[in-house]
Amino acid sequence: MSSANSTDIATLERGLHASGGSADRAFRSTAYLAGGLVLLVLGLVTYTMVNRSTDAWSHMGLDFFTSRTWNPPEQFYGILSYVFGTVYTACIALAISVPLSLGIALFITQVAPRWLQRTMTYVIDLLAVVPSVVFGLWGVLVLSVHIKGFYKWMSSTFDGVPVLGSVFGPNPQGRSFFTAGIILAVMITPIIVSLSREVIQTTPQNEKEAALALGATRWEMIRGAVLPHSKGGLVGAVMLGLGRAMGETIAVALVIGSATGRIGLNVFAGGNSMPAVITAEWGEADALKKSALIAMAVTLFVMTILVNVIATTVVNRSMKKTRGV
Amino acid sequence: MSVAVDQFDTEHLAIDLRTKRSWRSIKSHVMVSLMFLAFIVILIPLIAVIGTVVSKGAGIVFRDFPAWFTKGIPGRTRVVGPGMGPAIIGTLVITGAASLLAIPLGILGAVYLHEYGRQSKPAKVVRFLANVMTGVPSIVMGLFVYVVFTLRFGLSGVGGSLALACLMLPVVIRSTEEMLRLVPDDLREASYALGTRKGRTVLTIVLPSALPGVVSGCLLAVARAAGETAPLLFTIGLITKKANLNIFSGANTTLSAQIFRNAGEVLPGPQERGWGAAFTLVAIAFLFTIIARLVTSAYQKRR
């Protein structure tokens with residue numbers, strides 16, 4: 001309906017305003033410029049960052065990506081372990097956050113009465129308002145101290161069990177991949193919830209009613225009508241959460257444990273992630289190291305942009321399909 | 001319309017459907033309970049974080065009341081006691097300057113997207129990129145501003161504002177476009193029928209009627225920007241504790257930067273100040289959010 005209207009008004013405007021006054025033209029150009037600003041900023045980010053990192057690329061070659069050795073005194077910069085840390089913490093965050101977020105989104109949209117819907121949405125949105133550095137402060141001074149006992153218990157419980165034994169491995173640290181994963185999970189949950197809610201709400205009412213009329217229980221209605229309908233959009237929502245988790249800096253820098261070269265399944269070991277390394281090592285970096293850190297930022301930029309582009313495309317496509325535009 | 005099904009008058013049916021408790025309905029109840037449990041689980045960290053921030057931070061902020069806001073940050077880490085004035089000023093000034101940059105440009109960008117570009121190719125590209133730009137990590141924006149600005153002009157508050165503005169811009173564009181979409185085309189048509197030009201229609205009819213939504217979206221963007229830390233490390237520096245009202249030159253400091261610094265300290269003085277700064281920052285962010293909510297609900301009531 002809205003699309004039909006907007007075509008109408010676009011045609012109307014074309015007929016009416018073929019030649020506007022000078023004030024009108026000035027306003028239009030300003031608006032166009034502001035729109036172009038997005039292109040300009042993104043273009044500049046790509047160009048200047050790649051430009052600034054060429055020293056590191058040419059100095060390290062492919063070793064930059066394939067080596068886990070990060071040794072500034074020897075001028076050797078391999079970021080593999082940091083890429084691993086970034087992806088691993090983000091995956092832990094998703095493993096925790098996705099079931100929670102989907103559950104909350106489904107409860108808000110399909111089960112809760114109206115007053116509860118609004119309250120729950122406010123509460124979830126509060127999580128998004130708490131600054132990341134505050135989560136970091138809490139993570140490093142409270143969570144990482146108190147959760148160590150739980151880690152020790154997990155580690156000894158799963159000791160010797162095939163795969164789980166190495167995931168919940170020995171020598172648990174308070175500041176570790178898992179602590180970073182927990183903090184990230186809390187931070188990305190409001191994002192995934194709000195996107196999932198939007199996606200879920202596009203499910204046509206009559207399909208849900210049809211399911212209920214056939215005698216489906218509420219859960220069967222969700223499984224049969226809501227989930228198949230919003231699958232694509234939910235995948236997109238989760239991927240946007242993944243992108244956020246990979247780019248999150250300050251909270252992770254404080255709780256991940258800052259250990260170099262660590263690649264392994266043990267979630268209770270300390271490690272490091274790309275943004276955390278950039279934050280921690282920027283201060284005392286010489287020219288080549290700064291270049292290497294910017295090259296790391298370019299890597300992070302490309303990874304998050306890729307995830308975001310795919311996610312946005314997936315969401316747009318599923319929205320288009322459901323809205324029938 | 002599940003409500004209607006719930007309210008269906010089962011009392012007067014020949015057969016009482018409610019007595020047939022099959023495993024299917026049990027399963028449904030279990031799943032619904034799990035969903036609610038998910039909400040309870042996520043409440044735990046929320047309450048824990050806010051509870052700790054309030055219990056540890058409110059004490060130091062209000063202990064000797066105005067001192068926290070007026071005194072400077074103690075130079076030595078051994079010193080226990082208040083003083084976060086410079087950081088509070090820094091946060092307000094730097095976020096304010098970022099808002100002055102990002103909000104007008106963002107609103108204009110949204111006007112381009114929804115009033116001029118509409119479904120044209122370039123508008124679609126800009127819309128897509130604005131979406132993608134919201135996902136650019138804040139640390140990347142910080143390094144970007146470092147490369148194009150700080151390298152030439154040195155550490156300054158403006159550098160931080162530029163980085164924050166880059167982060168706010170796509171958020172403002174997206175939320176404003178969403179609000180412009182809610183303005184009915186009838187209003188535009190009525191304005192054209194009176195012979196008003198397009199630019200004037202946008203400025204005097206479309207934007208004012210979308211204003212409450214736009215304001216609330218912008219306030220939320222400001223609340224988020226005030227809490228950003230990573231992009232500030234490269235652009236305003238992390239060392240200074242002095243107040244610097246001149247944002248155009250010299251290192252600066254913000255609440256978020258002070259929290260980050262103090263989070264790594266082991267002595268009680270800095271840790272206390274870290275919690276105090278966290279309390280202040282959360283209070284500022286919540287204040288903006290609450291105002292945004294009030295604006296929205298006042299507007300909805302008026303309708």
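When chain A is treated as a GNM with alpha-carbon contacts under 10 Å, the residue of A:ILE188, A:ILE256, A:ILE310 showing the greatest mean-square fluctuation is A:ILE310. Residues of the stretch A:80-113 whose accessible area, computed with a 1.4 Å probe over protein heavy atoms, drops by at least 20 Å² once all protein chains are present relative to their chain alone are A:LEU100, A:GLY103, A:ILE104, A:PHE107, A:VAL111.
Shielding value for B:268-275 is 1, the average number of Cβ atoms from other chains within 10 Å of each residue's Cβ. Once label points are set 7 Å from the Cα along Cα→Cβ at both B:LYS301 and B:THR77, what is their separation, rounded to one decimal in nm? Computed distance between label sites B:LYS301 and B:THR77 equals 5.0 nm.
For the protein assembly as shown, the percent of C-alpha pairs falling in each 20 Å distance bin, counted from 0 to the bin holding the largest distance, reads 18, 50, 28, 4, 0.
Pairs A:LYS231/B:LYS121; A:LYS148/B:LYS56; B:LYS124/B:LYS198; A:LYS208/A:LYS231; A:LYS231/A:LYS320; A:LYS290/B:LYS242: which are spaced more than 18 Å apart, C-alpha to C-alpha? Intermediate values should be presented prior to the final figure.
On the way: A:LYS231/B:LYS121 28 Å; A:LYS148/B:LYS56 22 Å; B:LYS124/B:LYS198 21 Å; A:LYS208/A:LYS231 15 Å; A:LYS231/A:LYS320 13 Å; A:LYS290/B:LYS242 27 Å.
Table pairs above 18 Å Cα-Cα are A:LYS231/B:LYS121; A:LYS148/B:LYS56; B:LYS124/B:LYS198; A:LYS290/B:LYS242.
Using a probe of 1.4 angstrom and keeping all protein chains present, the accessible surface of chain B works out to 47 square angstrom per residue. The mean number of partner chain beta-carbon atoms within 10 angstrom of a residue's beta-carbon across peptide A:290-302 is 3.
How many percent of the alpha carbon pairs in the stretch B:104-231 exceed a separation of 25 Å? Write down the numbers at each step before the final one.
On the way: 2795 of 8128 pairs.
Roughly 34 percent, once rounded to a whole number.
Between A:THR46 and A:ALA285, what's the calculated FRET efficiency when r is the beta-carbon distance and R0 is 30 Å? Round to 0.05. E(calc), rounded to 0.05, equals 0.85.
Report the accessible surface area buried between chains A and B, summing both sides, using a 1.4 Å probe on protein heavy atoms only, in Å² rounded to the nearest 100.
Details: alone 17990 and 18080 Å², together 28120 Å².
What A and B bury together is about 7900 Å².
Excluding the sites themselves, what is the longest stretch of chain B that contains no chymotrypsin sites (Phe, Trp or Tyr not before Pro) in a DSSP loop with at most 15 other C-beta atoms within 10 Å? My reading of the result: B:9-247 is the longest stretch.
Shape class for chain B, computed from the alpha carbon gyration tensor (a ≥ b ≥ c): oblate, with a/c not under 1.5 and a/b at or below b/c.
Taking max minus min of the alpha-carbon positions on each principal axis, the stretch A:54-323 gives extents of 71, 44, 36 Å, largest first. Site pair A:ASP8 and A:ASP159 shows an inter-label distance of 7.4 nm when each label is modelled 7 Å from Cα along Cα→Cβ. Ligands, DNA and RNA are left out, and with a 1.4 angstrom probe the accessible area of the stretch A:156-197 is 38 Å² per residue. When chain B is treated as a Gaussian network with alpha carbon springs shorter than 10 Å, the biggest mean-square fluctuation among B:THR253, B:THR201, B:THR235 belongs to B:THR201. Taking amide hydrogens as placed 1.01 Å from N in the peptide plane, the amide H of A:TRP70 sits under 5 Å from those of A:GLY78, each at least 5 positions away in sequence or on another chain. Of the solvent-accessible surface of the protein assembly as shown, computed with a 1.4 Å probe over protein heavy atoms with every protein chain present, carbon and sulfur atoms account for 65 percent.
Given 0.36 nm per residue, what is the gain on full extension from B:LYS242 to B:SER25 after removing their alpha carbon distance, in nm?
Numbers: separation 217, 0.36 × 217 = 78.12 nm, distance 6.43 nm.
Answer, rounded to one decimal: 71.7 nm.
Extending 7 Å from the Cα toward the beta-carbon at both B:ILE47 and A:ASP125 defines two label points whose distance is 2.2 nm. Loop-resident trypsin sites (Lys or Arg not before Pro) (DSSP state other than H, G, I, E or B) in the stretch B:214-254 with no more than 15 further Cβ atoms inside 10 Å of their Cβ: B:LYS242. Relative contact order for the stretch A:54-323: 28 percent, from Cα pairs under 8 Å spaced at least 6 residues apart, divided by residue count. Phi angles across the stretch A:273-289 convert, under the Karplus curve 6.51 cos²θ - 1.76 cosθ + 1.60 with θ = phi - 60°, into 3J(HN,Hα) values of 10, 4, x, 5, 5, 4, 4, 6, 9, 4, x, 9, 7, 7, 4, 5, 5 Hz, Gly and Pro given as x.
Classify the stretch B:180-264 as rounded, prolate or oblate from the Cα gyration tensor: take a ≥ b ≥ c as the square roots of its eigenvalues, call it rounded if a/c is under 1.5, otherwise prolate when a/b beats b/c and oblate if not.
Values: a/c = 5.47, a/b = 3.08, b/c = 1.78.
Prolate, because a/c is 1.5 or more and a/b exceeds b/c.
Take peptide A:185-195, look around each residue's Cβ out to 10 angstrom, count Cβ atoms belonging to other protein chains, and average those counts. Intermediate results must be reported in sequence, preceding the final value.
On the way: counts 2, 6, 1, 0, 5, 2, 0, 0, 3, 0, 0.
Taking the mean over all residues of the peptide, I get 2.
Are there any trypsin sites (Lys or Arg not before Pro) in the stretch A:170-242 that are in a DSSP loop and have at most 11 other Cβ atoms within 10 Å? List them by number. Each step should come with its number before you reach the end.
Details: sites: A:ARG175, A:ARG197, A:LYS208, A:ARG218, A:ARG223, A:LYS231; in loops: A:ARG175.
Nothing satisfies the criteria.
Comparing mean-square fluctuations of B:ALA210, B:ALA110, B:ALA225 from a GNM of chain B with C-alpha springs under 10 Å, the top value falls on B:ALA210.
The values are calculated or read from the model by the stated rules, or taken from the named source; none is laboratory data. Given the structure is predicted, the values throughout are model-derived calculations rather than measurements. Reconstructed Cβ throughout: ideal geometry from the backbone, glycine too, with neighbour counts over all protein chains shown. Note: areas computed on protein heavy atoms with side chains; ligands, DNA, RNA excluded. Shrake-Rupley method; radii C 1.70, N 1.55, O 1.52, S 1.80 Å.
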